[in-house]
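Written out below as structure tokens is the structure these notes cover.
The values are calculated or read from the model by the stated rules, or taken from the named source; none is laboratory data. For clarity, every value in this text was computed on a predicted model and none was experimentally measured. Here the Cβ positions follow ideal geometry from the backbone for every residue, glycine too, while neighbour counts run over all protein chains shown.
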Amino acid sequence: MAYQEKQLQEISRQFQIYGEILHAETLKIGHINETYSATYDQGGMRVRYIHQKINKGVFKNPVAVMKNVMRVTTHIRRKLETAGARDITRRSLVVIPTRNGQSHHVGRDGEFWRTFVFVEGVQSLEAVQSPDQALQAGRAFGEFQSLLVDLPGGRLHETIPAFHDTRKRFGALQQAIAKDHYNRARSARPEIEFALNRAGLVGVILDAMAKGKIPERVTHNDTKFNNVMLDTLTGEAKCVVDLDTVMPGCALYDFGDMVRTTTSPTLEDELDLSKVKMHLPIFKQLAEGYLSTAGAFLTPAEKSLMAFSGKLITFEIGMRFLTDFLSGDTYFRIHRPDHNLDRCRTQFKLVESIEQQEKVMQKFVDGLDRGTARKSKRRAGQGS
Ligand SMILES: Nc1ncnc2c1ncn2[C@@H]1O[C@H](COP(=O)(O)OP(=O)(O)O)[C@@H](O)[C@H]1O
Ligand SMILES: [Mg+2]
């Protein structure tokens, strides 16, 4: 049930916002967050704010979520200021504290609320419609990671532990197959076989991280295109939102999830599998955008697994859908029978499509990287 205007106004008044509240309304009731906006009259100017209710079911420790969000947004802002960047209030979320200086407000019903400055003149789109938008997405998330490479103050809280522990996800699938509690394994034979045949994928990044070949970084962990705010006039990415899952991770998980969510023009539960395909022109723009902002800090080992990461993250989500199908659909909400199996098939079809093009994809990434290295060498030469 969405909140009524009167309740929203009361919540809104708990934050350090000046002026007179004019109205408050629902902006989006998503899978995870409930997002509302409130408009204030500040000396004759209308100013909007975002109020968001944190989902306590998903985030067991909302205080830790907000600590992460505060650290990340403060650091980004400071770096943009130091760099003399323009348009700073549209380049990163700004948290508005409560009247008693807290990062969040706990309502009478025990719900957690936080408030951001409303970023004006931007929009988020559900799906990538052009290669340039893929470039913008890659650039935005690459920049986000790059601004956070030197985040001081130790590790962020792991707000969802083992989020991309692909080995653990594979183990959970094996268990669900062995239990087959709902007698559904027989209707998912090809998918089960597909997953078991790819056991070798699940440890690649984890092992590289454990051996210190790939560093842990601050990552966004929800790099869907609708979390990129694009300037409504220029189409340029301004900032990224949805910072609840920002935590320690692997840079490649963010890139991999971008590949998964942007390179196929289909929905996550597309039934016509012939339409599910990794589109190379979109991948190329995504990689170009990402390397334009992340290329300077990524190590050769990270870059060498960029195409692979798209395959791995798509495989991981496919495994999770399959596991949930076999376990009675307890995690992902379904809207029709076999919905999770359909979702799994879509993901596995995309995995297959990436497999067929993985070499070309990685070759393109390697070429981009060499191009960037040549350019910066030339620049260094000019400077001396
Ligand atoms: N500070 C903001 N200014 C303007 N719009 C915002 C802001 N924060 C979020 N939004 C809009 O609300 C949508 C939902 O917010 P988000 O934090 O992504 O939650 P979720 O995706 O979990 O529903 C975003 O896609 C964006 O369009
Ligand atoms: Mg979102």
TODO: Test His220 against the criterion of being touching a strand residue (DSSP E or B) at 6+ places or on another chain (Cβ under 7 Å) and within 16 Å of ligand 2 (Cβ to nearest atom), and give yes or no.
DONE: yes
Open item on the list: Checking the structure you have, find out if any residue of region 179-201 is in a loop (DSSP other than H, G, I, E, B) and surrounded by 21 or more Cβ atoms within 10 Å (Cβ to Cβ).
Closed with: no
Task: All positions within region 290-321 that are buried (at least 24 other Cβ atoms within 10 Å of the Cβ) and more than 19 Å from Ile354 (Cα to Cα) - done: Ala294, Leu298
Open item on the list: Return the residues of region 271-304 that are over 26 Å from Leu147 (Cα atoms), aliphatic (A, V, I, L, M) and part of a helix (DSSP H, G or I); say none if nothing qualifies.
Closed with: Leu273, Leu280
Open item on the list: Can you say whether Val246 is within 30 Å of Thr89 (Cα to Cα) and within 16 Å of ligand 1 (Cβ to nearest atom), as far as the supplied structure shows?
Closed with: yes
- [ ] Test Gly328 against the criterion of being at pLDDT 95 or above, buried (at least 20 other Cβ atoms within 10 Å of the Cβ) and assigned by TED's automatic domain parsing to the domain that holds Tyr253, and give yes or no.
- [x] no
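Residues checked against (1) within 16 Å of ligand 2 (Cβ to nearest atom); (2) closer than 25 Å to Leu148 by Cα:
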| residue | (1), (2) |
| --- | --- |
| Leu8 | no, no |
| Ser37 | yes, no |
| Val58 | yes, yes |
| Ile88 | no, yes |
- [ ] Within region 305-345, track down each residue that is in a loop (DSSP other than H, G, I, E, B) and more than 19 Å from Asp272 (Cα to Cα).
- [x] Leu305, Ser327, Gly328, Asp329, Thr330, Tyr331, Phe332, Arg333
Task: Residue that is farthest from the chain's Cα centre (by Cα), among those in region 247-270 that are of a type in the set (Val, Ile, Thr) and not in a helix (DSSP H, G or I) - done: Thr266
Open item on the list: Out of everything in region 115-135 that is touching a Pro at 6+ places or on another chain (Cβ under 9 Å) and closer than 28 Å to Val65 by Cβ, what residue ends up being surrounded by the fewest Cβ atoms within 10 Å (Cβ to Cβ)?
Closed with: Ala127
Task: Close pairs (8 angstrom Cβ cut-off, 6 or more residues apart or separate chains): under 29 Å from Val63 (Cα atoms) in region 106-132, within 16 Å of ligand 2 (Cβ to nearest atom) and among the small types (Gly, Ala, Ser) anywhere - done: Phe118/Ser37
TODO: For region 42-50, indicate whether the set of residues that are modelled with pLDDT of 90 or more, outside the structural domain of Asp244 (by TED's automatic domain parsing) and under 25 Å from His335 (Cβ atoms) is non-empty.
DONE: no
TODO: Look through region 223-243, keep the residues that are within 16 Å of ligand 2 (Cβ to nearest atom) and charged (D, E, K, R), and return whichever of them is farthest from Val94 (Cα to Cα).
DONE: Lys224
Task: Complete set of residues in region 219-240 that are part of a loop (DSSP other than H, G, I, E, B) and either away from ligand 1 (no atom under 11 Å from the Cβ) or crowded, with 21+ Cβ neighbours inside 10 Å (or both) - done: His220, Asn221, Thr223, Thr232, Leu233, Thr234, Gly235, Glu236
TODO: Test Lys67 against the stated conditions and say whether it is touching a helix residue (DSSP H, G or I) at 6+ places or on another chain (Cβ under 6 Å), more than 16 Å from ligand 2 (Cβ to nearest atom) and at pLDDT 95 or above.
DONE: no
Open item on the list: For region 126-141, check the following and say yes or no: at least one residue is part of a helix (DSSP H, G or I) and farther than 18 Å from Asn227 by Cβ.
Closed with: yes
TODO: Would you mind finding the one in Thr159, Thr73, Thr98 that is buried (at least 16 other Cβ atoms within 10 Å of the Cβ) and in the same structural domain as Leu322 (by TED's automatic domain parsing)?
DONE: Thr159
Open item on the list: Which pairs turn up if I take residues in region 261-277 that are β-branched (Val, Ile, Thr) and look for partners that are loosely packed, with under 15 Cβ neighbours inside 10 Å and part of a helix (DSSP H, G or I) with beta carbon separation below 7 Å, at least 6 apart in sequence or on another chain?
Closed with: Thr266/Lys275
TODO: Residues being among the hydrophobic types (A, V, I, L, M, F, W, C) and in a loop (DSSP other than H, G, I, E, B): count how many of those fall in region 68-113.
DONE: 4
Task: Test for Tyr3: is it in contact with a helix residue (DSSP H, G or I) (Cβ under 8 Å, 6 or more places away or on another chain), more than 10 Å from ligand 1 (Cβ to nearest atom), of a type in the set (Phe, Trp, Tyr) and not assigned by TED's automatic domain parsing to the domain that holds Val246 - done: yes
Task: Among (1) over 21 Å from Val241 (Cα atoms); (2) within 13 Å of ligand 1 (Cβ to nearest atom) - the single one Gln14 does not satisfy - done: (2)
